[in-house]
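K.L.:
The structure is given below, and queries will be raised subsequently.
The values are calculated or read from the model by the stated rules, or taken from the named source; none is laboratory data. For clarity, every value in this text was computed on a predicted model and none was experimentally measured. Here the Cβ positions follow ideal geometry from the backbone for every residue, glycine too, while neighbour counts run over all protein chains shown.
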Amino acid sequence: MNKKGFTVIELLASFALTMIIVIFLFEIVIELKDIYVETALKTDIQTKTAVISKNIKRILPYNTINTINCEDYSCDVNSVDGNTKLTIDVDNSQVVIGNQKFSLPDSVSISSAQLNSNCSDIGCYLKVGMNLSSYNLSQEYKYNTLFYFTGEARVIDKYAPEAPKIQTIYNLWSTTYGRRTFTQQGYTADAGVNGTWTTSNGDPQLHCADISSVKNISGAYIELESALTQNVSIQIFYNTGSGYSEANSRRDTLKAGSRKILIPLPKNNYTSVRFDIGNVSGLSYKIKNLGLLADNSQSHNNTVTIILSSTDVGSSGIDHFEQFIPSENSSWSSHTLDADGKAYVYPGAKRNAEAQFRAVDKAGNVSNISTTQIIIT
């Protein structure tokens, strides 16, 4: 070694050693950067999947689920309140719950996914699994979460509702098919079948003596075109041959916001009937139907209104009613519920045919069939 400085060999050796250290340190920095990026991405994935888990529990009806049916990447969740769909959208790296979408981080794709479910009398299990991949991940991130839906309020409805109760109203007055002979008193004028009737005093009367074809009468039915904003007093007089009297009448109230009322009468054959709608002057309304509740399957020369009601043995409640006339239909038709929980069917065409009805609850259970003969001549 020259005491006046370094030799070329010594300088080259020092430079090489320095480069080795620099390269080593650079590799450490690169590895640390990759570790940082991967850690940050995993944290982001954990945050996103936690949000997905939270919203699966939030959006799906935790205490009222009846069934969960999964196929491929989608599940139909059926509950008392309706249906909700859960979907893993592999192409767009999203989880869709109902109408809400939850996206994974931008660089993450779903390489595989699975949805499995199982329901028993005490609850429903839902397993959601996804394998997530990214060029910033050294290996796939696995998301596997099991959800259990149950609670004190949850009851699986496996019981069919009772067969529908069928009540047949023989219409005396119909805005579609006309009316029988009525005489009026206490109105400003006879407004006709489709007009607006206005009371002129506190004792309006609509009298019909053309009811001889209706036998075994047990109720009177009133249906207005639209609901009134006030309570309306209703009184029905029925005549067995000795005229009208307070003793031979029944009173009830058509509540504000309602437009239909069925008032029970003693079961009998009557010679005439009188509808007193309202007990104040200046009350206006349009009448859609006036009719008499009587035994089913009677011959009638006008339209009928069929009222369907049922009791759900389970807990989900009646959803709708269905009708089938074998001689006329190829499939069942649906009738929605009115505000009173009943369905109203208006078979207007002339026919002599058997009609079948069944009730369907919100869990999808179907009742036994009830039948009646519709005879309109």
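K.L.:
I'm told residue 178 meets every condition in (1) surrounded by fewer than 17 Cβ atoms within 10 Å (Cβ to Cβ); (2) at negative phi; (3) among the small types (Gly, Ala, Ser) except one. Can you identify the failing condition by its number?
P.N.:
In the conditions (1) surrounded by fewer than 17 Cβ atoms within 10 Å (Cβ to Cβ); (2) at negative phi; (3) among the small types (Gly, Ala, Ser), residue 178 misses (2) alone.
K.L.:
Count, please, the residues in the range 194-213 that happen to be part of a loop (DSSP other than H, G, I, E, B) and within 13 Å of residue 173 (Cβ to Cβ).
P.N.:
Of the residues in the range 194-213, 4 are part of a loop (DSSP other than H, G, I, E, B) and within 13 Å of residue 173 (Cβ to Cβ).
K.L.:
Would it be correct to say that residue 247 is in contact with a strand residue (DSSP E or B) (Cβ under 9 Å, 6 or more places away or on another chain) and farther than 27 Å from residue 297 by Cα?
P.N.:
no
K.L.:
Here's a follow-up. Go through the range 48-144 and tell me which strands (runs of 3 or more DSSP E), entirely inside it, have 2 or more residues that are under 29 Å from residue 365 (Cα atoms).
P.N.:
Counting at least 2 such residues, we get 65-71, 74-79, 82-89, 94-97, 109-120, 123-133.
K.L.:
In the range 296-311, how many residues are in a loop (DSSP other than H, G, I, E, B), modelled with pLDDT of 90 or more and surrounded by fewer than 21 Cβ atoms within 10 Å (Cβ to Cβ)?
P.N.:
Matching residues across the range 296-311 total 1.
K.L.:
Further, regarding this structure: Please name all residue pairs, on different chains or six or more residues apart, with Cβ atoms under 8 Å, provided the first residue is in the range 217-241 and is free of Cβ contacts under 8 Å to residues at least 60 places away in the same chain and in the same structural domain as residue 294 (by TED's automatic domain parsing) and the second residue is outside any strand (DSSP E or B) and among the β-branched types (Val, Ile, Thr).
P.N.:
239/271; 240/271; 241/271
K.L.:
Among the residues of the range 225-241 satisfying the criterion of being part of a loop (DSSP other than H, G, I, E, B) and farther than 12 Å from residue 260 by Cβ, which is farthest from the chain's Cα centre (by Cα)?
P.N.:
Here the residue is 241.
K.L.:
Just need a number here: residues in the range 336-357 that are within 13 Å of residue 325 (Cβ to Cβ) and basic (Lys, Arg).
P.N.:
Total meeting the criteria: 1.
K.L.:
Here's another thing I want to ask about it. Which number in (1) over 25 Å from residue 371 (Cα atoms); (2) in contact with a Lys or Arg (Cβ under 9 Å, 6 or more places away or on another chain); (3) of a type in the set (S, T, N, Q) marks the one condition that residue 289 misses?
P.N.:
(1)
K.L.:
Further, regarding this structure: Using the structure shown, decide if residue 191 is among the small types (Gly, Ala, Ser), out of contact with any strand residue (DSSP E or B) (no Cβ under 9 Å at 6 or more places or on another chain) and in a loop (DSSP other than H, G, I, E, B).
P.N.:
Here the answer is no, as residue 191 does not meet what is asked.
K.L.:
Right, something else. Does any residue in the range 29-45 that is assigned by TED's automatic domain parsing to the domain that holds residue 142 and surrounded by 10 or more Cβ atoms within 10 Å (Cβ to Cβ) come within less than 8 Å, Cβ to Cβ, of a residue that is among the hydrophobic types (A, V, I, L, M, F, W, C) and at pLDDT 85 or above six or more places away or on a different chain, and which pairs are these?
P.N.:
Correct list of pairs: 38/137; 41/108; 41/137; 42/137; 45/104; 45/108; 45/132.
K.L.:
Let me ask you something else. From the list 165, 85, 142, which residue is of a type in the set (D, E, K, R), surrounded by 14 or more Cβ atoms within 10 Å (Cβ to Cβ) and touching a residue at least 12 places away in the same chain (Cβ under 8 Å)?
P.N.:
Unique residue meeting the criteria: 165.
K.L.:
Yes or no: residue 276 over 30 Å from the mean Cα position of the chain (by Cα) and either in the same structural domain as residue 249 (by TED's automatic domain parsing) or of a type in the set (A, V, I, L, M) (or both)?
P.N.:
Against the criterion (over 30 Å from the mean Cα position of the chain (by Cα) and either in the same structural domain as residue 249 (by TED's automatic domain parsing) or of a type in the set (A, V, I, L, M) (or both)), residue 276 qualifies.
K.L.:
Would you be able to say whether some residue in the range 312-322 is crowded, with 16+ Cβ neighbours inside 10 Å, modelled with pLDDT of 95 or more and in contact with a strand residue (DSSP E or B) (Cβ under 8 Å, 6 or more places away or on another chain)?
P.N.:
yes
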